[in-house]
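What follows is one structure encoded as structure tokens, with my remarks underneath.
Only the coordinates and a few stated rules stand behind these numbers; no lab work does. The structure displayed is predicted, hence computed values, not measured ones. Virtual Cβ from ideal backbone geometry, glycine too; neighbours counted across all protein chains shown.
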């Protein structure tokens with residue numbers, strides 16, 4: 001017999017008539033006060049999505065299923081719900097227990113409807129099983145079933161990558177784990193658990209619950225039902241229920257970033273101790289370069305911190321729209337954000353220690369300083385990355401994109417084995433079978449992924465501006481985001497097909513990216529109707545600079561390298577200007 005004594009948390013989403021906010025506030029508090037008198041009540045809280053939003057969220061918890069059902073089937077709760085019908089619309093309810101990740105399925109999620117329709121008549125109580133998390137040994141077997149073939153396939157494919165086997169062990173493991181972690185998290189494990197669900201949940205139903213539907217003759221809700229979402233909110237004790245509001249995202253992110261930094265610092269201290277004990281002659285640079293070990297450690301920490309916080313922050317105020325993304329879109333977004341933060345952490349830390357090596361030539365790194373420096377490096381990396389992804393927006397995404405592209409290309413130019421690369425063309429940087437070409441082509445591929453992620457943020461911002469009447473073309477958000485996606489795909493293909501591998505596809509991709517840029521500039525007055533006039537002045541200036549560059553290249557004044565770099569700079573310079581104006585388009589100051 002399954003143990004029924006699991007605390008049950010219920011999350012509710014409602015739309016409230018904005019003109020009756022004060023009445024709704026009292027109504028919410030009255031519900032909390034009523035629940036407080038029931039046995040097994042552990043706490044509750046409610047919060048608004050935003051000052052101007054009509055979305056309200058409530059959360060309450062009971063000791064177990066029987067005490068929860070006693071409250072939900074009580075006449076007091078029925079009276080309370082009836083009293084709020086005039087200003088409260090459709091309701092979404094989700095029940096959950098446990099923290100078992102992929103394995104603890106939602107507790108029979110249902111949507112309470114006030115009216116019956118031909119498509120969905122009122123059916124009365126619905127009995128549904130509530131599954132518990134499967135045993136840990138089943139979870140371990142499930143993870144292994146997904147991980148073994150995935151790791152085997154990845155190891156086989158990486159064997160075909162030129163020079164991969166010659167890379168240091170730490171770098172090979174870093175690359176493979178960075179590639180496999182998102183694949184396992186977002187693709188393999190969800191699929192495996194779905195396939196094995198009958199076995200995982202066999203004889204694991206704790207009980208059944210009753211989901212009551214609204215009476216068929218109830219009044220029609222004044223607002224459409226919200227999208228099917230689930231959110232997590234801070235809980236409060238019954239005594240402090242009236243003050244239960246979610247902490248400000250900034251305060252919560254700051255607190256969590258410190259904990260992440262402390263944890264990463266401890267890991268860094270252990271890692272630094274191991275490096276100092278295993279390395280024969282540890283110096284900032286040399287045969288056992290501390291710079292490489294520190295950069296690799298920072299990259300791993302950045303990957304872990306960005307993956308964790310980008311996933312956790314998706315339900316915070318201002319980030320809820322990410323919950324509505326299709327799984328493949330969310331996966332691409334997450335992978336691109338993780339890759340960019342990982343690469344920036346690696347390059348930044350490596351460059352820092354290379355610069356320090358120029359000032360401390362030949363300095364040996366003893367065990368004490370290896371521990372301290374590694375702890376500080378990994379702790380600072382976790383702190384910066386955690387804060388960066390905690391409240392990602394379009395402006396921050398733009399800054400990440402420009403920083404990543406600039407640092408990646410500059411790193412490739414200063415590490416290339418051919419000091420006269422600029423006498424050939426810009427793409428010549430990606431033709432060498434060494435570190436610099438990997439950096440150059442990898443920057444273009446990851447940058448393309450980031451541009452596609454960027455497109456999702458732009459679409460969200462433009463939809464909000466269109467709904468508020470700032471932008472006048474309702475199709476503009478779809479058109480602009482589609483063009484940005486195409487630009488991102490073309491940019492990635494420039495790196496996937498280096499000029500010495502496939503000249504035709506390389507040039508086609510580069511030309512396609514430039515074409516998307518021109519379409520966005522020329523079609524701006526149509527796609528972006530309502531943007532500030534100064535933006536269009538800047539856009540036409542970029543277009544004029546593009547035309548002048550083409551003319552100067554055609555007459556032979558610009559070399560191919562100069563022309564490519566100028567066009568590259570114009571495209572990303574325009575992106576920065578566009579995002580700045582998009583962020584202030586709805587302001588009157």
Checklist entry - Taking the simple approach of a point 7 Å from Cα along Cα-to-Cβ for both residue 415 and residue 167, what is their distance in nm? => result 1.1 nm
Next on the checklist: For 420, 309, 13, which order do you get if you count the other beta carbons within 10 Å of each Cβ and list the fewest first?
Outcome noted: 420, 13, 309
Checklist entry - If you rank 39, 280, 64 by fewest surrounding Cβ atoms within 10 Å, what's the result? => result 280, 39, 64
Item to check | the range 247-392: proportion of alpha-carbon pairs further apart than 23 angstrom, % | outcome: 40 percent
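Per-residue counts of other Cβ atoms within 10 Å, averaged by peptide: what ranking do you get for 146-152, 371-377, 471-477, highest first?
My ranking of the peptides, most packed first, is 371-377, 471-477, 146-152.
Order these by the 10 Å Cβ neighbour count, fewest first: 186, 557, 457.
On the way: 186 18, 557 11, 457 23.
So the ranking, lowest neighbour count to highest, is 557, 186, 457.
Which of the peptides 478-491, 424-437 is most tightly packed, and how do the rest follow, judged by the mean count of other Cβ atoms within 10 Å per residue? Mind dumping the intermediate values first?
Values: 478-491: 20.6, 424-437: 19.1.
Highest mean packing first, the order is 478-491, 424-437.
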Checklist outcome for this item: The correct pair for the range 394-589, radius of gyration to one decimal and Dmax as a whole number, both in Å and from Cα atoms, is 17.3, 54
Item to check | Kirkwood Rh in Å, taken over all unlike Cα pairs in the range 136-198 | outcome: 12.8 Å
